[in-house]
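Below is one structure, written out as structure tokens; the observations come after it.
The values are calculated or read from the model by the stated rules, or taken from the named source; none is laboratory data. Because the structure is a prediction, the values reported are computed rather than measured. Cβ coordinates were reconstructed from backbone atoms using ideal geometry, including for glycine residues, and neighbour counts include every protein chain displayed. Side chains included, ligands, DNA and RNA excluded: accessible areas come from the protein's heavy atoms. Shrake-Rupley method; radii C 1.70, N 1.55, O 1.52, S 1.80 Å.
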Amino acid sequence: MKKNYIFAFILILGAIFYLAFSTLSENKVYFVTVSEALNMGLDKLNQARLFGIVGKKGLKRSHGGLETFFYLLDRTDKHKSIPVFYKGALSDTFKPGVEVIVEGRMKPEYFQASLIITKCPSKYKNK
């Protein structure tokens, strides 16, 4: 009888550890700059948040502004960039030269963004 309880306890404990480990590993998101992403290799960006600046060249919108393609530039080295595609509504503060955080995953040709967060304009800061 005691063997059955020990076996059930080990089975339940193993299930709890498995669920905790699988949940934590799936929710891991890297937060990197464009330069760091390029240095680590874009093929390794399974799920990530990229920080950079919206490039002036290559910004295209289609389907009533709901599909956006742009280049995310590195803050310090403007020659480094990653192409980004986003499908969805964007805030009014999204424009070339604005700092953004882009969350998503890397596809073969571009970074597929699922979320874009723009930095608040300086007019909202306390003086």
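Key figures for this structure:
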| quantity | calculated |
| --- | --- |
| Pair list, Cβ under 7 Å, 6 or more apart: the stretch 34-59 residue touching a residue at least 40 places away in the same chain (Cβ under 8 Å) and within 12 Å of residue 96 (Cβ to Cβ), other residue surrounded by 15 or more Cβ atoms within 10 Å (Cβ to Cβ) and among the aromatic types (Phe, Trp, Tyr) | 54/70; 54/94; 55/70; 55/71 |
| Residues located in the stretch 82-127, provided they are open to solvent by 70 Å² or more (accessible area, probe 1.4 Å), modelled with pLDDT of 90 or more and of a type outside the set (D, E, K, R) | 114, 115, 117 |
| Sole residue being among the hydrophobic types (A, V, I, L, M, F, W, C), in a helix (DSSP H, G or I), in contact with a Lys or Arg (Cβ under 9 Å, 6 or more places away or on another chain) and surrounded by 10 or more Cβ atoms within 10 Å (Cβ to Cβ), chosen from 38, 19, 13 | 38 |
| Whichever residue in the stretch 26-35 is in a strand (DSSP E or B) and modelled with pLDDT under 85 and, among such residues, is most open to solvent (accessible area, probe 1.4 Å) | 31 |
| Residue that is nearest to residue 92 (Cα to Cα), among those in the stretch 48-75 that are outside any strand (DSSP E or B) and open to solvent by 40 Å² or more (accessible area, probe 1.4 Å) | 66 |
| Given (1) open to solvent by 50 Å² or more (accessible area, probe 1.4 Å); (2) farther than 15 Å from residue 30 by Cα; (3) of a type outside the set (Phe, Trp, Tyr); (4) part of a strand (DSSP E or B), number of the condition residue 79 does not satisfy | (4) |
